[in-house]
2 protein chains.
Amino acid sequence: MPQLLRVQNSAVSSDGFGAGEGQSLERPFGHADPAALMSWAGATASWPNRSEPGGSRGLDDYFTRDFRNNIGAEIMGRNKFGPVRGAWPDLKWRGWWGDDPPFRTPVFVLTHHPRPSFTLTDTTFHFIDATPAGALDQARVAADGRDVRLGGGVATVREFLDADLVDTLHIVVAPVDIERGERLWNGPDELTDRFHLESVPSPSGVTHLLFWRR
Amino acid sequence: MPQLLRVQNSAVSSDGFGAGEGQSLERPFGHADPAALMSWAGATASWPNRSEPGGSRGLDDYFTRDFRNNIGAEIMGRNKFGPVRGAWPDLKWRGWWGDDPPFRTPVFVLTHHPRPSFTLTDTTFHFIDATPAGALDQARVAADGRDVRLGGGVATVREFLDADLVDTLHIVVAPVDIERGERLWNGPDELTDRFHLESVPSPSGVTHLLFWRR
């Protein structure tokens, strides 16, 4: 089986933004409302951060349920890891996800400011200054035969798309406009020269876009 | 996490049949054309029986990809296991799936004619004469915390529905009429008193019906 590089559960607004302007500790999605982008996922039974029983088991749940399915490593951009920009003032910031991050695999954080690896329960964060191809090589080895998740944010996804390293994308279009911030695309047609595309509207109001290589 | 009993990738015709009349070794689906019911699955990259690379990675693939996801055991009816009816003339029949069955967990075959368990690669078949509740108890222990798949056929699914033991169902309606044979239902509305229902048309032409308990 080939080891795929997969974008999963990546939400964008109708106008193509994955986050708004002014990202910070208090507002990880900038001026955009995180609920407008992510509430479809939080409503499902299999959302990794779910702390209460319940949740829907319809279409949207197949996507949250697939989050860890055959995934052996994640690559993420440094701006997904946290709000600190530039050199690390100290090593106190350990991600948004508390003591038990949902990844449960090695995670490779792309940064020009490497720092020592650390482990929280089943997740080990590594900090690497690498090209997309170099990062993918490292993640593939760590994934031990399984696929690699490309975790975002959208700037990181674009970088790997530009290097033509992405095999599949699951992009969730939420019915909201953000207008400014981190833009993934002007529209999904930008990718259809290289990828098949299926568009699947969900009863929850979002639309799941599924891309795989031609 | 609760241990669910899940029906997955179970195909029926538009008029509600899971197999036609006259099932036999040569025609496991009776007079019905198996391709009409199952070609949606065979076209996906993650179909467990796929022997060639390729295949689609759109919506249908999420369902075939979920086949083994968090599943620790399967329960199936004896008529899914094979074409032999009544007492076993000998023990030569070992299932439809060759030397490497796709289940890779314990499989509990419901039969009034128990026979010794046997193992093919990662799959062990057990033959039990049990009520639905009794079979589910055994399968849950074997699944070791993971979910149990209810593998069919439709008579077995109906029996477990009648005993109210099923937690989720994924039924795939194929655009074909079979007219006679093994009937699952007159229509999905029969279950909506007990289950939520989402209906998701696929670009491949089938419709995925997703049920989960109210």
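Bin width 10 Å, alpha-carbon pairs only: give the P(r) of chain A as whole percents, running from 0 to the bin holding the largest distance. Here the calculated profile for chain A is 8, 34, 41, 16, 1. Amide H contacts of A:E182: A:G18, A:A19, A:G20, each under 5 Å away and 5 or more positions distant or on a separate chain (H built 1.01 Å from N in the peptide plane; Pro and chain starts excluded).
3J(HN,Hα) along the range A:90-100, derived from phi through the Karplus expression 6.51 cos²θ - 1.76 cosθ + 1.60 where θ = phi - 60°, amounts to 7, 9, 6, 6, 10, x, 7, 9, x, 7, 9 Hz, with x in place of Gly and Pro.
Rounded to the nearest whole angstrom, the semi-axes of the ellipsoid equivalent to the protein assembly as shown, taken from the Cα gyration tensor as √(5λ), stand at 42, 23, 20, largest first. If you add up the charges near A:T111, with Lys and Arg at +1 and Asp and Glu at -1, over every other residue whose beta carbon is less than 12 angstrom from its beta carbon, what do you get? So the surrounding residues net to +3.
Just check the range B:111-153 against the gyration tensor rule for me: Cα atoms, a ≥ b ≥ c as the square roots of the eigenvalues, rounded for a/c under 1.5, and otherwise prolate or oblate depending on whether a/b exceeds b/c. Oblate shape, in that a/c is at least 1.5 and b/c is the bigger or equal ratio. Residues whose amide H falls under 5 Å from that of B:T44, counting only those 5 or more places apart or on a different chain, are B:S56, with hydrogens built in the peptide plane.
Cβ-to-Cβ counts within 10 Å put B:W212, A:W185, B:W97 in ascending order as B:W97, A:W185, B:W212, the fewest first. Candidate cross-link partners of A:K92 among the lysines, defined by an alpha-carbon separation under 24 Å and a same-chain spacing of 8 or more, comprise A:K80.
Can you give the % of DSSP beta bridges in the range A:56-150 that are antiparallel, to the nearest 5? Walk me through the intermediate numbers first.
Details: 3 of 16 bridges.
Given both bridge residues lie in the range A:56-150, the antiparallel proportion sits at roughly 20 percent.
Explain nothing, just the number: relative contact order of chain B, from Cα pairs under 8 Å at least 6 residues apart, as a whole percent.
RCO, chain B: 31 percent.
Each residue of the range A:46-62 was assigned a 3J(HN,Hα) from its phi angle through the Karplus curve 6.51 cos²θ - 1.76 cosθ + 1.60 (θ = phi - 60°); the sequence is 9, 4, x, 8, 4, 10, 10, x, x, x, 7, 10, x, 4, 4, 5, 4 Hz, with glycine and proline shown as x.
How high is the relative contact order of the range A:19-86, given as a whole-number percent (alpha carbon pairs under 8 Å, six or more residues apart)?
That works out to 24 percent.
If you take the Cα centroid of the range B:28-51 and the Cα centroid of the range A:95-127, the two points sit 41 Å apart. Of A:S56, A:S14, the sequence from fewest to most neighbouring Cβ atoms within 10 angstrom is A:S14, A:S56. Footprinting exposure proxy ranking of B:L4, A:L25, B:L110, fewest other C-beta atoms within 10 angstrom first, gives A:L25, B:L4, B:L110. The same position A:A130 in the other copies lies at 4.6 nm from this copy, comparing label points 7 Å beyond Cα toward the beta-carbon, shortest first. Let a ≥ b ≥ c be the square roots of the eigenvalues of the Cα gyration tensor of the range A:50-89; is it rounded (a/c under 1.5), or, if not, prolate (a/b larger than b/c) or oblate? Since a/c reaches 1.5 and a/b is larger than b/c, the shape of the range A:50-89 is classed as prolate. Amide hydrogen proximity for B:V109: with H placed 1.01 Å from N in the peptide plane, the residues at 5 or more positions away or on another chain lying under 5 Å are B:M76, B:H126, B:F127, B:I128. Whole-Hz Karplus values for the range A:113-122 come out as 10, x, 9, x, 5, 8, 10, 10, 6, 8 Hz, taken residue by residue from phi with 6.51 cos²θ - 1.76 cosθ + 1.60 and θ = phi - 60°; glycine and proline positions read x.
Any read-out appearing in this document is the output of simple, stated calculations on the displayed coordinates, not a laboratory observation. Worth saying up front: this structure is predicted, and the values here are computed from it rather than measured. Cβ sites come from the backbone with ideal geometry, for glycine too, and all protein chains shown count toward neighbours.
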